[in-house]
Amino acid sequence: MINPVHTLNPASGVVRSKSDQISELASGRLHQKIELLERNLRVYGDVAIVLSRERSDIQLDGQQLGGDMLMTRVYKKFGPNWRVIATHGTFIRK
């Protein structure tokens, strides 16, 4: 089981922590541009599911990653704030 503070990067298949991701951005190792193509939101009380299609251009350590993806993000409301509790991405094959 993946620790909730860690996420699987669908572009590289690597599980990374939030601090790993911030460090990669701050150091310049990670460059990313994400274009939102479609989004569908469903809210069930204090849980929301966001389904989207995105086009990503990602470079990590000089390696080109990314492409068209289907993303699922699950949010949970804690008091007045919504927090991501799960994310999954799948590349769309052409």
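Here, each number is a calculation from the coordinates, and none is a lab measurement. The model shown is predicted, which means the values in this text are computed figures rather than measured ones. Reconstructed Cβ throughout: ideal geometry from the backbone, glycine too, with neighbour counts over all protein chains shown.
Going by alpha carbons, how many degrees (0 to 90, nearest 10) lie between the helix axis of 18-27 and the longest principal axis of the chain? It works out to around 40 degrees.
In square nanometres, what is one fourth of the surface area of the convex hull spanned by the alpha carbons of the chain? Don't skip to the answer; put the middle values down first.
On the way: hull surface 28.3 nm².
Quarter of the Cα hull surface area: 7.1 nm².
Annotation: the residues Asp68, Asp46, sorted from fewest to most other C-beta atoms within 10 Å of their own C-beta, follow the order Asp46, Asp68.
Report the extension gain between Phe78 and Gln21 in nm, rounded to one decimal, defined as 0.36 nm multiplied by the number of residues separating them, less their alpha carbon distance. Could the numbers behind the result be given before it?
On the way: separation 57, 0.36 × 57 = 20.52 nm, distance 2.32 nm.
The Phe78-Gln21 span can extend by a further 18.2 nm.
Normalising the average separation of contacting C-alpha pairs (under 8 angstrom, six or more residues apart) by the number of residues puts the relative contact order of region 6-91 at 24 percent.
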